[in-house]
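The values are calculated or read from the model by the stated rules, or taken from the named source; none is laboratory data. Keep in mind the model is a prediction, meaning the values are calculated, not measured. All Cβ positions, glycine included, derive from the backbone under ideal geometry; neighbour counts span all protein chains shown.
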Amino acid sequence: MNKTHTKESTVAIIVSTYNRRDFLPDCVRSCLFQDKIPDCNTRVIVVDDGSTDNSFEMLQSLFELNIDPLNPNFCSNHNLDVIRITNSERGKARNTGAFHAIKTYNAKFLLFNDSDDVLTQNTVAQFWARWLETQSQNPVAIYADTVLWFGERKVSKMVLNAGPRPQGDLKKVVCKQALLSLATTFIRADVFLKIGGFSEDRLMSGSEDRDLWCRLSCEGPLFYAGHIAAWYRQHPGNTRAEQFERSAFRSLASVLNYYRTRFSENEFREMQREASIYVRRVAAGNFIFENKLRKAFSHLWALFRAYPSSFLLPKSWRLLLSFGIRKFKTLAE
């Protein structure tokens, strides 16, 4: 595992997984079978974060990987590495894969993917083309879109985090809304190292992505690629409202503390307001989705008390409408 390979891999796709055996083959195949790009090599790194469902053994058999004789927790072939670690949560698992890719394959770009989601076949090629178009402006990352995937091969046309797609200096934008998502952000490896990668604090689990995006956006411009990069699978195991609730406010405090010295007092207060509204909305929306209406109401009520004017905006009205529909259905049952 410590052997340095002479063939450079420009793009590393990092997949962290924990007990996603049923979804993992689709995910890994989508990463492996990317369109070929001249002068751009791709390496897939899967990090098994202490799964108890034999994910490591399944991948080793399915993709005919060779176990490292000096390390039984590492196996590989010509384009895929699988590393097994003690359960440490996603931030640690993702960093393990990224640092391995940079050290072993001299990866210049990183693309992360959750093990229940699937990349589109040309996403690396699209990111690479957009990077070539914008490299003179020294972007820290390129981002794209993802669509929702429900059930057996049923892909919704609804784009996750739909809205305007700004480019350039996005520090304020990224703090205030969910513009970026994991499988749709193509990151320069040197910048990832500079900012220290994902937070490995377990208390940040569920919000480590947003924490990274905020720190990343402070390092330089981001550009939009304009394609669908991934299908985001919706299933009961990937919507954990309580986990988001626990981690989101800690993440918000961390992000705002990081931003405090980078903006004027008035700018900071406006960002604090917008970011707080965003977190409350997402928390309420998650609980509505899981039909935990009492918890959803507590966030809606806290949002109304702190920022009553936010209920003049369409996003808040849509939340209230969703809450009302769920409540009506519950009473009717």
Checked pairs for the range 61-88, first farther than 15 Å from CYS31 by Cα, second aromatic (Phe, Trp, Tyr) and part of a strand (DSSP E or B), C-beta under 7 Å and 6 or more apart or across chains, list as ASP68/PHE74; ILE83/PHE74
Return the pair list, or none, for Cβ contacts closer than 8 Å from residues in the range 20-44 that are assigned by TED's automatic domain parsing to the domain that holds CYS75 to residues that are in a strand (DSSP E or B) and among the basic types (Lys, Arg), at least 6 apart or on different chains. PHE23/ARG233
By residue number, the members of the range 301-315 that are assigned to a helix (DSSP H, G or I) and either among the aromatic types (Phe, Trp, Tyr) or at pLDDT below 75 (or both) are TRP301, PHE304, PHE311, LYS315
Are any of the residues in the range 144-162 part of a loop (DSSP other than H, G, I, E, B), surrounded by fewer than 23 Cβ atoms within 10 Å (Cβ to Cβ) and either at pLDDT 90 or above or not assigned by TED's automatic domain parsing to the domain that holds ASP68 (or both)? no
So, SER9, is that one modelled with pLDDT under 95, under 23 Å from THR123 (Cβ atoms) and crowded, with 22+ Cβ neighbours inside 10 Å or not? yes
So if I check each of LYS292, LYS327, which one is among the basic types (Lys, Arg) and at pLDDT below 75? LYS327
Identify the single condition in (1) over 16 Å from SER310 (Cβ atoms); (2) touching a helix residue (DSSP H, G or I) at 6+ places or on another chain (Cβ under 9 Å); (3) assigned to a helix (DSSP H, G or I); (4) at pLDDT 80 or above that ASN266 does not satisfy, given that it satisfies every other one. (2)
Of THR261, THR239, which residue is at pLDDT 75 or above, surrounded by fewer than 19 Cβ atoms within 10 Å (Cβ to Cβ) and either of a type in the set (Ser, Thr, Tyr) or outside the structural domain of LYS315 (by TED's automatic domain parsing) (or both)? THR261
If you check every pair at least six apart or on different chains, which have Cβ atoms under 6 Å apart with a residue in the range 186-205 that is in contact (Cβ under 8 Å) with a residue 24 or more places away in the chain first and a residue that is of a type in the set (Lys, Arg) and crowded, with 20+ Cβ neighbours inside 10 Å second? ILE195/ARG215; PHE198/ARG94; GLU200/LYS92
Residue ranges of strands (runs of 3 or more DSSP E) in the range 34-99 with at least 3 members polar (S, T, N, Q) and touching a Leu at 6+ places or on another chain (Cβ under 7 Å): none
Among what's in the range 15-33 and is in a loop (DSSP other than H, G, I, E, B) and among the charged types (D, E, K, R), pick the residue that is surrounded by the fewest Cβ atoms within 10 Å (Cβ to Cβ). ASP22
Among (1) closer than 18 Å to GLU242 by Cβ; (2) at pLDDT below 80; (3) surrounded by fewer than 17 Cβ atoms within 10 Å (Cβ to Cβ), where does ARG318 come up short? (1)
So SER298 ticks every box in (1) hydroxyl-bearing (Ser, Thr, Tyr); (2) under 25 Å from TRP213 (Cα atoms); (3) at pLDDT 85 or above but one. Which box is left unticked? (2)
Return yes when THR52 is β-branched (Val, Ile, Thr), more than 18 Å from the chain's Cα centre (by Cα) and surrounded by fewer than 17 Cβ atoms within 10 Å (Cβ to Cβ) and no when it is not. yes
Can you tell me which residues in the range 297-306 are under 14 Å from ILE277 (Cα atoms) and under 28 Å from the mean Cα position of the chain (by Cα)? SER298, HIS299, LEU300, ALA302, LEU303
